[in-house]
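A short write-up of the structure that comes next.
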Amino acid sequence: MKGRILIVEDEDAIRQMVCLALSQAGYECVEAPDASAAQARIVASPPDLILLDWMLPNVSGVDYARRLRQEKLTQDIPIIMLTARTEEDDKVRGFDSGADDYITKPFSTRELIARIKALMRRTAPHQTETAVEADGLALDPITHRVTARGSGVDLGPTEFRLLHFFMTHPERVHSRERLLNGVWGENVYVEERTVDVHIRRLRKALGPSGHDHLIQTVRGAGYRFSMHH
Ligand code: CA
């Protein structure tokens, strides 16, 4: 079994089609037609990834994604949002729901599975020793080396962990609290503004190669590592 995937989608035909394709590709598929059914499934057994329709009855996919990001049980589960139209992409992104990726309907199941594989590779916890790369910026967790287009970047240990966290959780908005938990650890008492200090240092170190723009401030929400503007 490659993993357990929960699909939250109110349109029966799409949900069943996706589930069939996932099962054929070797995944275990769990179905839910709305957020409350999804929540019950998650509590019974948390999935490895969630496919979440943007337009759901009662609680919207965007609101539900945000809720999933706030709960300890679900904050690390990768989410792919299923959106209805291309024009909505920017809007969805603007919502900063916490989704890791978006796919626009109609999509092919082949494309969906490719996205699932890519996301699982990126977010799998056992992959934390894997070197990561984005836009010519490379980080190797084993040698603790960071290079920008081949030249070494000098980072303090906290900035290194912060960058590693960002690069392994890209495109998602992280609140300062989330960054503290992910980078500093859950039981460490650090003020939230400490995050800003280290973000500033990290940006400064990435400035000479122009990679500082990868670390974006999301007003009122936190920070995001993104290759998109
Ligand atoms: Ca729908």
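The values are calculated or read from the model by the stated rules, or taken from the named source; none is laboratory data. The shown structure was predicted, so the numbers you read here are calculated from the model rather than taken from an experiment. Every residue, glycine among them, receives a Cβ derived from its backbone with ideal geometry; neighbour counts consider all protein chains shown. Each accessible area value is taken on the protein alone, full model and side chains, heavy atoms only, with ligands, DNA and RNA left out. Shrake-Rupley method; radii C 1.70, N 1.55, O 1.52, S 1.80 Å.
Can you say what percent of the DSSP beta bridges in the chain, counting only those with both residues inside, are antiparallel? Round to 5.
If I count the DSSP bridges inside the chain, around 45 percent turn out antiparallel.
At 1.4 Å probe size, with the rest of the protein present, what percent of the exposed accessible area of the chain is carbon and sulfur atoms?
Carbon and sulfur: 50 percent of the exposed surface of the chain.
Run the helix sum for the chain: -39,500 (n - 2.57) per DSSP H stretch of 4+ residues, divided by residue count, reported at 222 nm to the nearest 500 deg cm²/dmol.
-11500 deg cm²/dmol
Wrap a convex hull around the Cα atoms of segment 132-225, take a quarter of its surface area, and give that in square nanometres.
Projected over every direction and averaged, the Cα hull of segment 132-225 covers 5.7 nm².
Please identify which residues in segment 1-15 have an amide N closer than 15 Å to a label point set 7 Å out from the Cα of MET55, following the Cα→Cβ vector.
The answer is 9-15.
Quick check: Cα centre of segment 10-60 to Cα centre of segment 165-229, how many Å?
So the separation of the two Cα centres works out to 31 Å.
If you take the charge dipole of the chain about its Cα centre, with +1 on Lys and Arg Cβ and -1 on Asp and Glu Cβ, which of PRO208, PHE166, TRP184 is farthest toward its positive end?
Checked the options; the winner is PRO208.
Excluding ligands, DNA and RNA, what is the solvent-accessible area per residue of segment 4-123 at a probe of 1.4 Å, expressed in Å²?
Per residue, segment 4-123 has 47 Å² of solvent-accessible surface.
Can you work out the Karplus-derived ³J(HN,Hα) for every residue in segment 41-51? Use 6.51 cos²θ - 1.76 cosθ + 1.60 with θ = phi - 60°, whole Hz, and x for glycine or proline.
Whole-Hz 3J(HN,Hα) from phi for segment 41-51: 5, 5, 5, 5, 6, x, x, 8, 7, 10, 9.
To the nearest 20 Debye, how big is the dipole of the chain about its Cα centre, given +1 on the beta carbon of each Lys and Arg and -1 on that of each Asp and Glu?
That gives the chain a dipole magnitude of about 540 debye.
With every atom except the alpha carbons ignored, what do you get for Rg and Dmax of the chain, in angstroms?
18.1, 52
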